[in-house]
Every structure is written in structure tokens, then in C-alpha cells.
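Report on the structure given below.
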Amino acid sequence: LKKKIPLGIVVEVFVLLFFYKLGFVRDLDGLRKKSVSFFKGLTKQDMEILCEEFYRSVLKSRIIFPSVDLLREHQRAGDVVVLVSASLSELIEPLRRDLGVVHTIGLNLEVVQGVYEALGGIDGTYSQWTNLLYATLSYRF
């Protein structure tokens, strides 16, 4: 899989994120939608490959082991563990698998006929923190 992120998208997302952190931009959903526009046109298989590669090369080395120890403690006690993230569901899938977690809640990109939708839209289900919280509290196992 060889897809380069257009420089214009990188710059625009960086600038929007910078101004969001300063409090000048309040549209976090708009920022998220812009930041995922890179995925436009990718197939589900391409996305899985991309996320697996990103997990192995970037995220896996940043896992905080005391957190993993605590998670393992809950798993041994028979507690239901749910991985909740404001990240893309596809991105947290390799982490879920590595940690042996069964349940996840994350952001889902719109998919039309097996291809990520134009503009890389987020389906809106859990696109805001309040919705993530609600989804977590109402999750049925």
C-alpha cells in the first residue's frame, strides 16, 4: 500500500489543530472529518494494512505497561474490559487484538460498497465525546 498524504491536508489539519488547542477553533468534529479525509477511496483491506503498519511502527512502542498490567488484572478477575477510544475503530483494532480485549467502542468511518466514503466522513455515531460516553454507558455485552 503506497498512498501519500497530500501536503495541503497535513498543513490544514496541523493549523486547525493548533488553533483548536489555542481555543480559536471549537468545531472538533470538523477537525476530525478533515483529518480523516486522507482515507478517501481506500478499501477496507487497504485500511487494515495501513492501520496495522501504523500500530507496529508507531503505537505499539508507546503502550504504557502499568496500564496493561492493570488491564490484565481485570481480565484475570473475569471483569468485562471495553477499549473505548476517540480514535478510529480500525486504528485500535490491532491494539484490541494484542491486548486480548473483546469489546471496543471507537469512531467509524463511512463505508460505501467496501470503500471509505468521499471526504472520509465519520458516521456520526460516536463522533463526539458525549456520544462516546453515552455509548460506553449503554453498551450491551
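Since every read-out is calculated from the coordinates, none of them should be taken as a lab result. Since the model is a prediction, treat every value here as computed from it, not as a measurement.
In the frame of its principal axes, the stretch 38-92 has Cα extents of 43, 22, 17 Å, reported largest first.
Estimated at 0.36 nm per residue, the fully extended path between GLU73 and VAL15 surpasses their Cα-Cα distance by 16.8 nm.
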